[in-house]
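The numbers here are math on the coordinates, done by the rules we state, and not lab data. All values reported here derive from a predicted model rather than from experimental measurement. Here the Cβ is made from the backbone with ideal geometry for all residues, glycine too, and neighbour counts use every protein chain on show.
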Amino acid sequence: MAEKVTHSICVGGPIAIHTVDGVIRRVRPIVFDRNDPPGWVIKARGHEFTPNRKAQPAFIALTEKNRAYSYDRIRYPMIREDFAETPDGQNRNTQNRGKSGYRRATWDEALDLVVREVKRLQEKYGKETVTACTGSHHSWGLVGYKLSAFARFFRMLGYTEIKDNPDSWEGFTWGAPHTYGYYWRLGGTEAFDLLEDALQNVETMIMWSHDPDTTRGGYAGNESTMWRHWLDDLGVAFIYIDPYNNFSSVKQADKWFGPRPGTDAALCEGIAHVWLTEGTYDKEYIAKHAHRFDEWADYILGNGADRLPKTPKWAEGETGIPAADIKALARRWASTKTMGGSGLRGGFGGVCRTANGTEFARLMVQLFAMQGMGKPGQNIWVGTTGAPMDYGFWFGGYSDPLSQIANQPIADVTAVNSVTQKLYRPNVPDAILDGHYEWYGEGFCGGGIDLEFTENIYPKPGCSKVHMFWRYGGTFMGTMLDTNKWIKMYQSPELEFVVNQDIHFHGEARFADVILPACSNLERYDIGELCNSGNGGYQSHSQTGNSWQVVVFQDKAIEPLWESRSDYWIFSQVAARLGWGDKYTEGRTELDWCKRFWEKSDLCSRISWEEFTEKGYYVAGVPENWERHPGFRWFAEGFPCDTPNHKPFQEEGKLGTFTGKFEFVSESLLYWAPHDEARTPIATYKHSWEGHHSIKAKKYPFHLITPHPRFDYHTQHNSSTPWIWEIPENRRYIDGNPYLVARIHPKKAEEKGIADGDMILLFNERGSVLCVARVTYRVEENTIHAYGSSGIYNPVEPGTASMDIGGCVNVLSPGRLMGDMVPGMAPNSTLLDVCKYDGEMPRTQYFEYKLDKVAKEADPDAETCVEIIEGHGFEKIQAKVKSALAGKVAI
Amino acid sequence: MANSVMVQHLFKLGGFYKAPDGKLYKVVVSDVFNIRLFEIADGNMTGPMIKIRYDDDFAKSLVEAE
């Protein structure tokens with residue numbers, strides 16, 4: 001019995017993998033040895049704080065074994081049964097996408113078909129006829145990441161790029177820069193060294209729409225969980241504000257407020273009213289650092305155009321939170337050193353993903369400015385970032401242009417896309433189905449605030465429409481808007497050819513004509529660092545969200561299962577068939593690329609390649625007397641910016657707004673969008689276009705909130721990891737189907753005749769989803785809470801918009817963006833109704849039959865999906881792996 | 001106030017600088033903590049990432065290139 005230990009980083013954190021005879025037996029956290037450096041020590045209030053000597057992954061990372069051997073692995077290349085390769089691209093039975101089964105194909109057959117179609121389509125329509133898009137973080141590692149292998153391939157091919165929207169924190173990206181700049185951090189604030197500041201100074205934490213124990217793990221593991229316990233131990237008061245008394249809140253909150261969804265901006269205004277009338281804000285700071293504050297104050301006090309004072313009593317009417325509580329909250333905040341915030345780096349609160357998301361984000365910044373943002377213990381900081389870090393150690397992050405195989409210096413030659421036409425991710429179906437779409441903005445817009453206002457048209461004048469879609473990783477059925485329209489798009493003949501390349505048979509894979517099976521992180525080589533988005537990429541130095549900076553050699557624990565292959569191999573094969581394979585690879589294997597990241601970073605000066613690959617990871621220690629540069633202190637105290645966030649105007653101590661100050665009346669909005677009704681020059685609470693003031697609320701009285709999931713990360717785990725279905729707060733497995741839990745208040749449940757554990761139907765005019773009821777006082781009375789990002793999409797009638805039993809609640813969300821000029825999505829502005837489900841339980845075949853059929857064709861003795869889910873098939877897989885390794889049978 | 005001299009104020013991110021020996025470098029990281037360069041040869045970034053302190057003799061010898 002030969003056991004080996006390898007290391008990897010998965011979504012959820014760094015792990016060590018124990019493999020015996022070619023089968024993964026155990027996955028565990030990496031525990032540091034005596035040769036690894038000591039942890040940092042923060043001294044605060046008579047105590048010393050230092051992290052545990054191990055990487056602290058989230059639980060989802062520890063399920064990687066289950067996920068690797070998952071029932072819904074795409075085992076073989078597959079071609080849709082009724083796909084007809086017609087020479088003109090017509091009559092291909094596109095209406096059957098989602099319904100049809102598949103047949104097994106060889107790699108040669110599948111790749112040759114893909115290449116023939118790419119050539120045919122690009123010759124007929126032009127290069128821009130191909131589009132491609134990735135899910136977010138469907139795997140981890142700098143070689144396999146979407147800005148590496150994927151981007152290199154498609155840029156060299158030439159394609160219509162689909163711009164991502166900042167779907168996790170929309171309101172901050174589209175709102176906050178107009179108040180305080182920081183567009184280069186996508187609206188997020190800077191958190192450098194604020195953990196120490198908080199431990200030393202803070203008295204109150206406002207966790208607004210923020211559930212770090214739930215949402216932080218997928219991106220940064222549980223590295224920061226201990227920090228928040230330390231603050232608890234020091235007696236810091238935690239106030240949670242969320243329509244759902246979330247998992248962090250129930251553990252930690254001294255007080256929970258549950259506002260009606262979408263009314264948080266009204267609560268901000270009520271708090272501001274208290275401070276203005278009681279004079280409890282930092283007048284000196286505001287006088288020095290704020291722009292047109294008095295005009296905004298007039299609006300709050302009732303002297304503005306609407307003549308409506310935003311009193312706590314008024315805010316009570318909107319939010320449902322008693323006026324006395326709002327006053328108490330405001331007074332506590334003003335009288336103690338307070339940090340907090342929402343929706344950023346760990347919070348990803350749903351409030352930023354409502355119709356009012358931009359206005360909330362701007363008001364949030366304004367409230368912290370009123371209390372002297374940047375002074376000790378006064379800052380936007382939510383307990384998830386800002387740990388000490390060795391800023392002298394540089395290793396690339398995934399969004400850093402220096403750290404992508406698409407670019408120099410990692411590649412010898414940078415790959416450049418020859419096509420300038422673009423699409424916008426939330427509206428891809430609208431563009432394909434209508435043949436015309438216009439929108440504002442350049443996706444993430446980190447390059448300048450002006451990029452929010454660029455006008456885009458599809459098709460771009462002189463360009464052809466898109467006729468081929470290559471989907472790569474994850475499923476948008478569970479993350480985008482009104483997602484039944486994605487079905488309509490896939491079934492349209494406008495899309496002549498659809499490729500899906502993924503590890504698992506997620507909700508979107510079954511709409512493809514050709515499916516290419518990729519392998520998981522554990523079956524290929526890569527290199528990466530947890531939580532590092534790149535010091536030149538989005539939100540630089542995000543690694544300060546970790547207690548330890550750990551770079552991992554992602555060794556291959558097992559060979560690719562069945563006929564899956566690495567993404568890099570797949571792209572290399574297609575490139576070779578297109579005649580530019582050598583240009584794509586530059587003669588490098590995946591391992592060679594890994595080494596390039598080592599030699600083009602500081603890693604090569606710290607540890608040899610041989611030692612690194614042998615040990616499997618490197619921990620960059622923090623110098624004992626590290627340099628401190630607390631976020632925003634430079635601005636509060638009036639010296640040139642000394643954080644790694646440099647912009648030329650910051651040398652003069654200015655913010656990134658037009659005036660260099662906090663703009664309470666936004667000059668940038670007055671310049672670019674003075675008549676925009678969704679995002680006005682003065683940030684104000686506005687009734688949602690789908691909220692409790694809507695006429696529609698009479699028919700659909702409940703608000704749906706669909707936060708980032710606790711039991712998943714995006715769509716990656718819940719669909720493929722049946723272990724997680726055993727958590728009663730997550731799903732319930734009934735008759736072969738894992739139904740999602742949806743939460744409802746007891747009072748409303750009683751009115752509807754719903755008992756805990758009943759089957760309930762969530763529905764509106766866009767769709768319906770069958771769930772299991774959890775009746776709980778943890779949810780605000782008018783709210784239904786169900787986690788978003790279901791990787792399972794399972795309509796009772798495949799390929800139709802019928803009732804979904806996979807928990808894909810995004811079929812219910814509105815397709816509308818926040819505003820005509822605000823291209824953010826707002827899934828938490830969804831109205832619906834709910835009823836007890838007394839109908840017949842679906843006994844239909846689920847999607848697994850498609851996989852089973854292909855597997856049985858390939859191997860009559862193949863284990864079925866259900867056998868794997870229920871555990872019986874797992875031993876069979878293990879046995880086959882062992883015998884394949886012994887050269888007896890092919891797997 | 002923290003550092004009075006900050007690296008990011010001295011070297012432009014993305015800027016090109018020439019050394020006395022005629023070699024051309026591109027600044028790829030310039031913040032309060034680091035300056036990092038790649039040598040440019042034939043228009044391409046080559047070799048390993050070079051890390052220097054702003055007060056190194058080498059850094060002082062760099063002249064911004066057009």
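Computed quantities for the displayed model
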{"item": "Cα gyration tensor shape of region A:760-872, rounded if a/c is under 1.5, else prolate or oblate by comparing a/b with b/c", "result": "prolate"}
{"item": "Between region A:197-271 and region A:731-747, the Cα center-to-center distance that results, in Å", "result": "26 Å"}
{"item": "For region A:725-796: rounded, prolate or oblate by the Cα gyration tensor [a/c cutoff 1.5]", "result": "prolate"}
{"item": "Dipole magnitude of region A:444-549 about its Cα centre (Cβ charges: Lys, Arg +1; Asp, Glu -1), debye to nearest 20", "result": "200 debye"}
{"item": "Neighbour-count ranking [beta-carbon atoms within 10 angstrom, fewest first] of A:Cys531, A:Cys604", "result": "A:Cys604, A:Cys531"}
{"item": "Ranking of A:Val274, A:Val552, A:Val382 by count of other Cβ atoms within 10 Å, fewest first", "result": "A:Val274, A:Val552, A:Val382"}
{"item": "Residue-count net charge about A:Lys313 - beta-carbon cut-off 13 Å; Lys, Arg +1, Asp, Glu -1", "result": "-2"}
{"item": "Under-5 Å amide H pairs with A:Gln404, H placed in peptide plane, nonlocal only", "result": "A:Ile410"}
{"item": "Whole-Hz couplings from phi, Karplus 6.51/-1.76/1.60, listed for region A:515-528; x for Gly and Pro", "result": "10, 10, x, 8, 9, 7, 3, 7, 10, 8, 8, 6, 8, x"}
{"item": "Trypsin sites (Lys or Arg not before Pro) restricted to region A:495-576 and DSSP loop, no more than 16 other C-beta within 10 Å", "result": "none"}
{"item": "Pairs from A:Lys595/A:Lys615; A:Lys327/A:Lys747; A:Lys337/A:Lys647; A:Lys146/A:Lys488; A:Lys556/A:Lys876; A:Lys583/B:Lys23 whose Cα-Cα separation, in the structure shown, is over 18 Å", "result": "A:Lys327/A:Lys747; A:Lys337/A:Lys647; A:Lys146/A:Lys488; A:Lys556/A:Lys876; A:Lys583/B:Lys23"}
{"item": "Anisotropy class of region A:587-704 from Cα gyration tensor, a/c 1.5 cut", "result": "oblate"}
{"item": "10 Å Cβ shell holding at most 13 others, DSSP loop, trypsin sites (Lys or Arg not before Pro): longest site-free stretch of chain B", "result": "B:24-52"}
{"item": "For region A:475-508 versus region A:672-707, the gap between their alpha-carbon centres in whole angstrom", "result": "28 Å"}
{"item": "Length-normalised contact order for chain A - Cα pairs under 8 Å, 6+ apart - percent", "result": "20 percent"}
{"item": "Exposure proxy order (Cβ contacts within 10 Å, fewest to most) of A:Met803, A:Met825", "result": "A:Met803, A:Met825"}
{"item": "GluC sites (Glu not before Pro) restricted to DSSP loop in region A:582-655 with at most 12 other C-beta within 10 Å", "result": "A:Glu624"}
{"item": "12 Å beta-carbon shell around A:Thr214, net charge (K/R +1, D/E -1)", "result": "-2"}
{"item": "10 Å Cβ neighbours from other chains, averaged over peptide B:44-51", "result": "6"}
{"item": "Centroid-to-centroid separation of region A:612-668 and region A:86-137 [C-alpha atoms, Å]", "result": "46 Å"}
{"item": "Those GluC sites (Glu not before Pro) in region A:1-95 that DSSP places in a loop and that have at most 15 other beta carbons within 10 Å", "result": "A:Glu81, A:Glu85"}
{"item": "For the protein assembly as shown, calculated [θ]222 nm from helices alone, where every DSSP H run of n ≥ 4 adds -39500 (n - 2.57)", "result": "-7000 deg cm²/dmol"}
{"item": "Of all DSSP beta bridges in the protein assembly as shown, antiparallel share, percent nearest 5", "result": "65 percent"}
{"item": "Cut-off under 5 Å, modelled amide H: who pairs with A:Trp470 long-range", "result": "A:Thr131, A:Ala132, A:Cys133, A:Val499"}
{"item": "Charge tally in the Cβ shell below 9 Å around A:Gln200, where Lys, Arg are +1 and Asp, Glu are -1, A:Gln200 excluded", "result": "0"}
